[in-house]
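A.B. asks: For reference, the structure I am asking about is given below.
The numbers here are math on the coordinates, done by the rules we state, and not lab data. None of these values were measured; they are calculated from a predicted model. Note: ideal-geometry Cβ built from the backbone for every residue, glycine included; neighbour counts use all protein chains shown.
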């Protein structure tokens, strides 16, 4: 039986040409059960609304693998700090913003603390040497606080379409090994 993959976007969504949209399409072509959740009002997200939407999706979809991008990481941290979640097999935390992010459109999500339990058997934190939302030293501090493996990409920006991550073959291959 194929595992279920849940993709969670951040502020502004992950519409084409973002790697999450591409990845969802590639996984679907291989008959993988994949869900790219579209949060409400992703240009001006509300923490309480997104929290409800994610909890409902987790309950109904029951993913084995969760891939968070950007603000979705912070949302996952909120849930992990306040709720007991069903444990997933793999959790990917891609390009999380700083835990003290000051962007006004997403202010309801911050500040945030690193959770003690991420509710995942395996976790991989992925960041970039030049992410405008998370400095490298802050990323390394977060990695230590979470106690997880870290993969650092050179000059990958926020690991989104603006930094040429429309297709991300590495992530597809990574998932194929887990499916």
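A.B. asks: What is segment 10-89 by shape, rounded, prolate or oblate, if you read a ≥ b ≥ c off the alpha carbon gyration tensor as root eigenvalues and call it rounded for a/c under 1.5, prolate for a/b larger than b/c, and oblate otherwise?
C.D. replies: Since a/c reaches 1.5 but b/c is at least a/b, the shape of segment 10-89 is classed as oblate.
A.B. asks: While we're on this one: For segment 47-137, calculate the relative contact order in percent as a whole number, restricting contacts to Cα pairs under 8 Å that are 6 or more residues apart.
C.D. replies: Once normalised by length, the contact order is 30 percent.
A.B. asks: So if I average 1/r over every pair of distinct C-alpha atoms in segment 55-129 and take the inverse, what Kirkwood radius in Å does that give?
C.D. replies: Radius from the Kirkwood sum: 12.8 Å.
A.B. asks: OK, next. Quick one: which of 151-162, 100-111 comes out on top by average Cβ neighbours within 10 Å, and what's the full order, highest first?
C.D. replies: Descending mean neighbour count gives 151-162, 100-111.
A.B. asks: Fewest Cβ neighbours within 10 Å first, please rank 133, 92, 31 accordingly.
C.D. replies: So the ranking, lowest neighbour count to highest, is 31, 133, 92.
A.B. asks: A follow-up question, please. How big is the equivalent ellipsoid of segment 92-169 along its three axes, where each semi-axis is √(5λ) from the Cα gyration tensor, reported in whole Å from largest to smallest?
C.D. replies: 19, 17, 12
A.B. asks: Could you work out how far apart the two model spin labels at residue 35 and residue 60 are, taking each label as a point 7 Å from the Cα in the direction of the beta carbon, and quote it in nm?
C.D. replies: It works out to 0.7 nm between the two label points.
A.B. asks: When all C-alpha to C-alpha distances in segment 1-48 are sorted into bins of 5 Å, what percent of pairs does each bin hold, rounded to whole numbers?
C.D. replies: Computed distribution, short to long bins: 5, 21, 28, 20, 13, 9, 3, 0.
A.B. asks: What percent do you get for the relative contact order of segment 4-171 when only Cα pairs under 8 Å and 6+ apart count?
C.D. replies: Value for segment 4-171: 23 percent.
A.B. asks: Ranking 49, 94, 34 by Cβ neighbours within 10 Å, fewest first, what do you get?
C.D. replies: The most exposed by this proxy come first: 49, 34, 94.
A.B. asks: So, by mean Cβ neighbours within 10 angstrom, what's the order for 16-25, 39-48 with the highest one leading?
C.D. replies: The peptides rank, most packed first, as 16-25, 39-48.
A.B. asks: Right, here's the next one. What is the diffusion coefficient of the chain in µm²/s, taking the Kirkwood radius over Cα pairs and the Stokes-Einstein relation at 25 °C with a viscosity of 0.890 mPa s?
C.D. replies: In µm²/s, the coefficient rounds to 152.
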